[in-house]
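Below: the structure, in structure tokens.
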């Protein structure tokens with residue numbers, strides 16, 4: 001589907017995915033911010049931003065998560081990276097991890113997310129894989145679709161889908177205006193609190209080795 005019809009033309013019947021209280025998720029974030037901090041900055045409805053960010057037309061704070069540490073790293077670091085033809089590796093610039101942390105968070109309450117995991121789930125919201133594969137300037141339409149899913153499913157606190165960069169594991173986004181107060185707690189993972197340190201780089205490279213990806217450091 002090219003996304004050429006406005007989503008409010010459809011009656012959606014979303015399938016729900018219940019995340020139980022106590023579920024552990026992972027995220028990469030600026031180490032100056034707490035792991036459970038939502039991004040409060042609404043993006044332009046047409047330019048910049050990411051797939052399911054809040055916009056000036058639907059200004060919800062948002063937080064992206066992944067089901068495991070490898071997926072969190074892949075979602076953050078492997079976007080639009082080609083394999084080096086000589087090394088057969090994806091080479092991640094050091095700047096991508098400088099001043100970053102990889103943290104675990106735990107849900108404090110059950111959370112009902114709109115499921116976009118299977119083809120049946122996508123069909124339930126009148127979509128197909130386009131919604132998860134579109135990139136760049138097409139994010140304007142994926143954000144509009146997220147806004148309409150929110151409008152038609154007021155009890156949903158977020159979305160969950162299969163990660164493009166670490167299939168079949170899961171990625172999700174939470175809507176802060178639906179989650180209640182303090183929906184997450186941080187679980188300290190010392191090895192990953194400074195990804196820009198030699199120890200942090202080594203830890204990341206171990207996790208990403210099966211995906212043939214590694215950080216290029218300034219000290220080598």
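The values are calculated or read from the model by the stated rules, or taken from the named source; none is laboratory data. None of the values given here were measured: they were computed from a predicted structure. All Cβ positions, even for glycine, are placed from backbone atoms using ideal geometry, and neighbour counts span all protein chains on display.
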How many of the residues in the stretch 129-183 are without any contact (Cβ under 8 Å) to a residue 60 or more places away in the chain and either closer than 15 Å to residue 110 by Cα or surrounded by 21 or more Cβ atoms within 10 Å (Cβ to Cβ) (or both)? 5
Kindly list the number of the only condition in (1) more than 24 Å from residue 148 (Cα to Cα); (2) in a helix (DSSP H, G or I); (3) in contact (Cβ under 8 Å) with a residue 12 or more places away in the chain that fails for residue 8. (1)
State yes or no: is residue 195 closer than 15 Å to residue 76 by Cα, in a loop (DSSP other than H, G, I, E, B) and touching a helix residue (DSSP H, G or I) at 6+ places or on another chain (Cβ under 9 Å)? yes
Residues within the stretch 1-14 that are at pLDDT 95 or above and either crowded, with 16+ Cβ neighbours inside 10 Å or under 29 Å from residue 194 (Cβ atoms) (or both), tallied: 3
For residue 52, indicate whether it is part of a loop (DSSP other than H, G, I, E, B), touching a strand residue (DSSP E or B) at 6+ places or on another chain (Cβ under 7 Å), at pLDDT 95 or above and exposed (fewer than 15 other Cβ atoms within 10 Å of the Cβ). no
Here are 97, 70, 28: which of them is crowded, with 19+ Cβ neighbours inside 10 Å, farther than 18 Å from residue 173 by Cα and under 17 Å from the mean Cα position of the chain (by Cα)? 97
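Here's the yes/no breakdown for (1) part of a loop (DSSP other than H, G, I, E, B); (2) over 13 Å from residue 66 (Cβ atoms):
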residue: 148; (1), (2): no, yes
residue: 151; (1), (2): no, yes
residue: 154; (1), (2): yes, yes
residue: 160; (1), (2): no, no
residue: 164; (1), (2): yes, no
residue: 168; (1), (2): yes, no
residue: 171; (1), (2): no, no
residue: 178; (1), (2): no, yes
residue: 182; (1), (2): yes, yes
Could you please find all residues in the stretch 187-220 being under 24 Å from residue 161 (Cβ atoms) and either free of Cβ contacts under 8 Å to residues at least 40 places away in the same chain or surrounded by fewer than 15 Cβ atoms within 10 Å (Cβ to Cβ) (or both)? 187, 210, 212
Would you pick out the residues in the stretch 31-49 that are surrounded by 13 or more Cβ atoms within 10 Å (Cβ to Cβ) and more than 21 Å from residue 111 (Cβ to Cβ)? 31, 42, 43, 44, 45, 46, 49
Output for the stretch 61-108, where each listed residue is in contact with a helix residue (DSSP H, G or I) (Cβ under 8 Å, 6 or more places away or on another chain), within 28 Å of residue 145 (Cα to Cα) and outside any strand (DSSP E or B): 61, 69, 70, 73, 74, 76, 77, 78
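So, in the stretch 21-49, how many residues would count as being in contact with a strand residue (DSSP E or B) (Cβ under 8 Å, 6 or more places away or on another chain) and in a loop (DSSP other than H, G, I, E, B)? I'd like the intermediate steps shown before the answer.
Pass one, the stretch 21-49, residues in contact with a strand residue (DSSP E or B) (Cβ under 8 Å, 6 or more places away or on another chain): 21-31, 34-39, 42-45, 49.
Subset that is in a loop (DSSP other than H, G, I, E, B): 21-23, 31, 34-38, 42, 44-45, 49.
Matching residues across the stretch 21-49 total 13.
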Every listed condition ((1) out of contact with any helix residue (DSSP H, G or I) (no Cβ under 8 Å at 6 or more places or on another chain); (2) over 17 Å from residue 62 (Cβ atoms); (3) modelled with pLDDT of 95 or more) holds for residue 143 save (2)
Any chance residue 18 is surrounded by fewer than 18 Cβ atoms within 10 Å (Cβ to Cβ), under 18 Å from the mean Cα position of the chain (by Cα) and in a strand (DSSP E or B): yes
Out of 78, 91, sole residue that is modelled with pLDDT of 95 or more, touching a strand residue (DSSP E or B) at 6+ places or on another chain (Cβ under 7 Å) and closer than 26 Å to residue 121 by Cα: 78
